[in-house]
Amino acid sequence: MFTREKNQIKKIAGLIWFLLGPACVYFLVQAAAHEIAAKPGIDTIIQWGVFVVIFIPIAVGMSIFGYYAIKGEYNH
């Protein structure tokens, strides 16, 4: 009985993770653009460029994790 409820919770959490990845990238890029516009120096561009480049694979991994949770790969 509890297994079915746990699997539902895993799928709901997977949906959250799946949607959280692209949302985080969107807000990070938006913040980077705002900061670069506020202080348009080469050091600011490099700093935010590194942040964005490093975080994109993390966000993709979050979305993949959520996708597999939605599919039910973690049910056993």
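Within region 27-76, track down each residue that is more than 14 Å from the chain's Cα centre (by Cα), within 30 Å of Lys6 (Cα to Cα) and not small (Gly, Ala, Ser).
Tyr68, Ile70, Lys71, Glu73, Tyr74, Asn75, His76
One residue is enough: does region 34-41 have a residue meeting the conditions assigned to a loop (DSSP other than H, G, I, E, B) and of a type in the set (D, E, K, R)?
Taking every residue of region 34-41 in turn, at least one turns out to be assigned to a loop (DSSP other than H, G, I, E, B) and of a type in the set (D, E, K, R).
In this structure, does Ala31 turn out to be out of contact with any His (no Cβ under 6 Å at 6 or more places or on another chain), at pLDDT below 95 and among the small types (Gly, Ala, Ser)?
The answer is no for Ala31.
Which one is farthest from Ile12 (Cα to Cα) among residues in region 59-75 that are at pLDDT 95 or above and β-branched (Val, Ile, Thr)?
In this case the residue turns out to be Val60.
Tally the residues that are within 21 Å of Tyr74 (Cβ to Cβ), open to solvent by less than 80 Å² (accessible area, probe 1.4 Å) and among the aliphatic types (A, V, I, L, M), restricting the search to region 1-59.
Total meeting the criteria: 3.
The values are calculated or read from the model by the stated rules, or taken from the named source; none is laboratory data. Note that the coordinates shown come from a computational prediction; the quantities given were computed from them, not determined experimentally. Glycine gets a Cβ as well: all are built from the backbone with ideal geometry, and neighbour counts include every protein chain shown. Surface accessibility is based on the protein's heavy atoms, side chains included, excluding ligands, DNA and RNA. Shrake-Rupley method; radii C 1.70, N 1.55, O 1.52, S 1.80 Å.
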